[in-house]
Structure formats: structure tokens, C-alpha cells
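All remarks here apply to the structure that follows.
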Amino acid sequence: MTTVVVVGTQWGDEGKGKVTDYLASSADVVARYQGGNNAGHTIMIENKKYALTLIPSGIFSGNKTCVIGNGVVVNPQALVDEIAYVQNNGFSTEHLVISDRAHVIMPYHMLLDAWQEEQRGDTKIGTTRKGIGPAYVDKFGRSGIRMCDLVDEKNLEHTIRSVVQEKNKTFVGGYGSAPIQPEPLVEQCRAWAKILRPYVRDASVVLNDAIDNGAHVLCEGAQGVMLDVDHGTYPYVTSSNPIAGGVCTGLGIGPTRIDHVIGVAKAYTTRVGDGPFPTELNNEIAHQIRERGFEYGTVTGRPRRIGWIDTVVLRHARRVSGITGLSLNSLDVLSGLDEVRICTHYECDGVRIASYPARQEDVYACTPVYETLPGWTEDITGVRAFDQLPRTTQQYVHRVCALSHIPLAMFSVGRNREQTHLVQQLFSARPIGTHTSVG
Ligand code: GDP
Ligand code: IMO
Ligand code: MG
């Protein structure tokens with residue numbers, strides 16, 4: 001049995017969905033450990049595009065157990081819609097598990113998210129307005145509603161009424177808005193619970209039993225290290241822990257059960273939302289990369305900001321997530337550039353800065369320092385193995401790995417499953433014909 005974690009190393013949208021979908025064929029269980037429907041994971045199968053926000057990207061790989069862990073915040077309507085979406089596309093959700101301890105995003109969390117963003121004015125975070133921050137605030141403030149509460153028919157009304165009474169103190173008193181009416185919310189919750197109840201279980205038990213029985217487990221992160229609430233570009237972050245450590249708290253499995261951590265990076269960098277981005281480009285190259293890479297947000301449709309790859313960021317990601325292998329994606333998007341650049345470190349007042357500063361003001365004061373390499377003009381989308389890549393592409397990949405201190409595990413040259421290639425074996429081999437059943 002092997003447990004592999006897929007973690008974003010940049011500011012999200014690195015291609016975690018695609019990597020997870022690719023690796024899922026070797027796994028028995030695929031589990032999301034944090035975030036919510038702020039995530040947008042794209043998967044291309046036989047030229048058909050799928051997008052998921054909550055259900056793990058293993059759902060398109062046959063009878064895999066797909067777990068939404070306790071660390072995820074679940075918007076019930078989004079999940080109900082996504083279950084229907086998966087089913088309508090001809091895939092089963094029979095083996096979907098939703099943790100009974102996952103917190104629920106309520107409609108008032110989305111209202112709060114929007115209001116708080118408006119109040120921030122020029123210093124807005126640029127959130128997805130999906131209510132993620134307010135839902136995690138309630139979780140840590142111990143006033144959240146969990147999946148086990150949502151599906152508890154007997155006590156649901158009482159739970160909602162007492163939470164709404166508290167919320168209305170802020171809504172009416174603080175924001176001067178109309179009070180939340182508990183009755184329609186209770187009815188809405190009942191309708192969600194009816195659909196979601198069959199999936200709700202103790203996910204930690206499911207996962208630990210699976211590992212004990214020899215299952216291969218794949219853990220899918222959302223967002224990326226630089227959006228981590230502890231280790232990202234605070235306050236321009238999300239409200240959870242996308243780093244690999246989030247697996248333990250967000251799934252209820254111990255650190256001793258993790259074998260590999262695959263850090264996913266694009267061959268360049270993107271960011272949606274506000275906040276510092278040292279290697280950002282605002283020129284024709286950025287435009288070219290955005291158009292070639294379809295760099296528009298999966299969730300909000302916003303154009304993504306574009307920049308060169310930053311190995312200060314990759315070293316930071318490796319350090320805080322214990323990354324063992326790199327999946328370098330979207331190499332094809334860089335084809336056609338005369339030269340490509342890699343940020344090696346930053347400089348501030350002539351001083352070399354090799355690790356990512358905590359204060360955003362210090363980041364703004366830094367200048368990125370680049371190494372320039374020759375680019376490649378070949379169409380590499382049909383490449384099937386590393387040694388088929390042009391020499392200059394190989395040189396670029398080697399240099400990124402060397403500067404980030406992460407060995408190459410995978411790379412990709414297009415959006416489809418077949419354009420993703422494994423360099424390092426991750427899951428341990430099992431005797432042919434054996435199958436691990438997950439209860
Ligand atoms: P995630 O949030 O990390 O799962 O990433 P997204 O799905 O939001 O964004 C990644 C985008 O890059 C998607 O549109 C993918 O289809 C696309 N993508 C992933 N890998 C490659 C690749 O190797 N080449 C190209 N051209 N696109 C890729
Ligand atoms: P995936 O999983 C890219 C960004 C938002 C905003 C900040 C906080 O697809 O990589 P939030 O709504 O979480 O409170 O917004 O985080 N953000 C993402 N950016 N990819 C994501 O997910 C993101 N999820 C949140 O744009 O800057
Ligand atoms: Mg995304």
C-alpha cells in the first residue's frame with residue numbers, strides 16, 4: 001500500500017485535477033482534504049472537458065472510493081449539483097463518501113464573503129465569493145454546522161434556529177441587513193440532507209481501514225502552497241491548509257501513513273485574485289501564455305495573472321510540504337518563445353534573498369533575479385517520454401528541478417490524460433490480478 005499526496009506548489013491552478021485523474025488509475029481511494037468549491041479542477045478525457053469543485057478527480061476512473069474529507073467546507077447545493085453532473089455524464093457516485101465532520105457552507109457565508117470583500121475596498125483579497133473564509137471562521141469559532149448536523153433530521157431545526165439567532169446579531173446589528181429567516185433555511189437543509197445523507201460517513205475510519213487493508217490512497221489538494229493560510233502570501237490567501245500537512249488534519253490520517261508528496265507546478269506561474277506576485281509579466285509574452293494555456297479561472301472566469309516560474313516559491317513549497325517529486329505541467333504552452341526565464345532568487349537593496357519573505361511589503365521591495373535559457377519552437381504535444389523532448393526543453397526542466405531541489409516525478413505536454421507522463425514510479429507494485437476492496 002502507498003499513500004501519495006498531490007499538492008499545488010504555486011497559487012493554485014497548477015493542474016492538480018489532471019495529475020490526480022492520471023494517478024487515480026493506480027489508486028483505490030482518492031480523497032480531497034481541504035478547500036471547498038473555490039477550487040476548480042479541470043480534467044480532459046478523450047477531448048471532453050470536465051470540471052470539478054468538490055468531488056475528488058478520481059471519480060472518472062471507475063470504482064474508486066472518492067472521499068470528501070473533514071477538512072473540506074461543503075456547499076451542499078454545489079455538491080448536489082456536482083453529483084448530478086457526474087451522473088449525467090455517465091459516471092457513478094456510488095462510492096462517494098462525505099465526512100460527517102466536514103463543515104457546511106451556508107448561504108449566509110456567501111453573503112458575508114461578498115460584504116467583507118466590498119468593505120475591504122482597495123485591499124480586497126479577490127476571493128471567489130463562495131463563502132470559504134466565513135465558513136472556516138465559523139469552524140474555528142466553534143459555531144459551524146457540520147455534515148452530521150445537516151443530516152440529523154431530528155435536531156436539524158433546533159440547530160439551524162440557534163445558529164441563525166446568533167448570526168442575526170451580526171447581520172441585523174452589524175451590517176444592518178434583513179434578518180435571516182430560519183424556516184426556509186431549514187426546508188432547504190432538509191432537501192439537501194435527503195440527497196446527501198447516503199454518502200455521509202466517518203471518512204477517517206474509511207481511509208484508515210483502507211490503508212490497513214493494503215489500499216493505495218491518493219490525496220488531492222486544492223489551491224496551492226502560496227495560498228495556504230499559514231505558509232502563503234498572507235493575507236492574500238485562502239482560509240485552509242493546502243500544504244501536505246493539511247492531509248492529516250483534513251482526512252484524519254497520521255503523518256506516518258504518507259509515502260510520497262507530489263508537488264504540482266506549471267512551467268510558468270499563474271495567480272487569480274489580488275496579492276503579490278514577484279515574477280508577474282504584463283507584456284506580450286504574458287498575453288501569449290494566457291491565450292495558449294487558456295489561462296482563465298475555472299470557477300470565476302477571471303483572466304489569470306501570468307509570470308515566469310519562480311524557484312524561490314518552489315523551494316518554499318518543497319520545504320513546507322516535504323515534497324518528494326515534481327510534476328511539471330504545461331511545458332507545451334512555452335513552445336515558441338525565443339528564450340525562457342527561471343527566477344533563481346530575489347534581491348532587495350543589493351542583498352540576496354533566497355527564501356520567501358513573510359511580510360508582503362518586503363516582497364514588493366524585492367526584485368526577482370533570473371537565469372535565461374534558450375527556448376524551443378517545436379510542437380511537443382505528441383511527446384511520449386522525457387528523452388523525446390527537445391534538448392532545450394530538457395535543459396529547462398533539469399534546471400528548474402536543480403534550482404528547486406525537487407526531482408522530476410511527472411511532466412505534461414497537453415491537457416489530456418495521454419499527454420501526462422510518469423518519470424518516477426509512485427505506487428508500489430501489486431501482484432497482477434489482486435484488488436483491494438474498500439468497505
Ligand atoms: P487545478 O486547479 O490545479 O486542478 O488546475 P486547473 O484545472 O484550474 O487549471 C489548469 C489548467 O491547465 C486547465 O485548463 C488544464 O486543462 C490545463 N493543463 C493542465 N496541464 C496542462 C498541460 O500540460 N498543457 C496544457 N496546455 N494545459 C494543461
Ligand atoms: P484550485 O484548487 C486559484 C484564490 C482566490 C483568492 C484567494 C482567496 O483550482 O487551484 P477564497 O475564495 O479561497 O477565499 O479566495 O484564493 N483561490 C484560488 N486561486 N485556484 C484555486 O483553487 C483557488 N481557490 C482560491 O482567487 O485570491
Ligand atoms: Mg483550478
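The values are calculated or read from the model by the stated rules, or taken from the named source; none is laboratory data. All values reported here derive from a predicted model rather than from experimental measurement. No Cβ is skipped: glycine too gets one built from the backbone with ideal geometry, and neighbour counts run over all protein chains shown. These accessible areas exclude ligands, DNA and RNA; they are computed on the full protein's heavy atoms, side chains included. Shrake-Rupley method; radii C 1.70, N 1.55, O 1.52, S 1.80 Å.
Figures for the structure shown
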{"item": "Criterion violated by residue 299 - all others in (1) modelled with pLDDT under 95; (2) over 23 Å from the mean Cα position of the chain (by Cα) satisfied", "result": "(2)"}
{"item": "Enumeration of residues in segment 1-11 that are under 10 Å from the mean Cα position of the chain (by Cα) and part of a strand (DSSP E or B)", "result": "6, 7, 8"}
{"item": "Among the residues listed as 225, 229, the single one being surrounded by fewer than 22 Cβ atoms within 10 Å (Cβ to Cβ), modelled with pLDDT of 95 or more, more than 15 Å from residue 31 (Cβ to Cβ) and β-branched (Val, Ile, Thr)", "result": "229"}
{"item": "Among (1) at pLDDT 95 or above; (2) on the phi < 0 side of the Ramachandran plot, the one test that residue 90 misses", "result": "(2)"}
{"item": "Enumeration of residues in segment 262-286 that are open to solvent by less than 10 Å² (accessible area, probe 1.4 Å) and among the β-branched types (Val, Ile, Thr)", "result": "262, 264, 269, 270, 279"}
{"item": "Failed item, numbered, when residue 78 is tested on (1) farther than 19 Å from residue 195 by Cα; (2) open to solvent by 10 Å² or more (accessible area, probe 1.4 Å); (3) among the small types (Gly, Ala, Ser)", "result": "(1)"}
{"item": "Residue under evaluation residue 254, criteria (1) touching a residue at least 60 places away in the same chain (Cβ under 8 Å); (2) more than 16 Å from ligand 1 (Cβ to nearest atom), criterion not met", "result": "(1)"}
{"item": "Residue check for residue 328: more than 26 Å from residue 126 (Cβ to Cβ), touching a residue at least 40 places away in the same chain (Cβ under 8 Å), touching a strand residue (DSSP E or B) at 6+ places or on another chain (Cβ under 8 Å) and crowded, with 17+ Cβ neighbours inside 10 Å", "result": "yes"}
{"item": "Residue match in segment 334-356 (condition: assigned to a helix (DSSP H, G or I), within 15 Å of ligand 1 (Cβ to nearest atom) and under 23 Å from residue 389 (Cβ atoms))", "result": "yes"}
{"item": "Residue satisfying all of: in segment 39-69; within 14 Å of ligand 1 (Cβ to nearest atom) and hydroxyl-bearing (Ser, Thr, Tyr); farthest from the chain's Cα centre (by Cα) among these", "result": "50"}
{"item": "Criterion (touching a residue at least 60 places away in the same chain (Cβ under 8 Å), in contact with an Asp or Glu (Cβ under 9 Å, 6 or more places away or on another chain) and crowded, with 24+ Cβ neighbours inside 10 Å) met by exactly one of 29, 5", "result": "5"}
{"item": "Failed condition for residue 192, given (1) within 26 Å of residue 120 (Cβ to Cβ); (2) among the hydrophobic types (A, V, I, L, M, F, W, C); (3) open to solvent by 10 Å² or more (accessible area, probe 1.4 Å)", "result": "(1)"}
{"item": "Segment 383-399 - residue that is open to solvent by 50 Å² or more (accessible area, probe 1.4 Å) and more than 30 Å from residue 348 (Cα to Cα) and, of those, nearest to ligand 2 (Cβ to nearest atom)", "result": "384"}
{"item": "Residue pairs meeting the criteria (Cβ under 6 Å; at least 6 apart or on separate chains; first farther than 13 Å from residue 136 by Cβ, in segment 106-118; second among the hydrophobic types (A, V, I, L, M, F, W, C))", "result": "108/180"}
{"item": "Count - residues of segment 287-319 that are open to solvent by 40 Å² or more (accessible area, probe 1.4 Å) and either more than 15 Å from ligand 1 (Cβ to nearest atom) or within 27 Å of residue 245 (Cα to Cα) (or both)", "result": "5"}
{"item": "Qualifying residue in segment 210-225 (condition: under 30 Å from residue 162 (Cα atoms) and touching a helix residue (DSSP H, G or I) at 6+ places or on another chain (Cβ under 9 Å))", "result": "no"}
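Table: residues versus (1) open to solvent by less than 10 Å² (accessible area, probe 1.4 Å); (2) outside the structural domain of residue 279 (by TED's automatic domain parsing); (3) assigned to a loop (DSSP other than H, G, I, E, B); (4) within 16 Å of ligand 3 (Cβ to nearest atom).
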position	(1), (2), (3), (4)
13	no, no, yes, yes
19	yes, no, no, yes
37	no, no, yes, yes
49	no, no, no, yes
62	no, no, yes, no
66	yes, no, no, no
82	no, no, no, yes
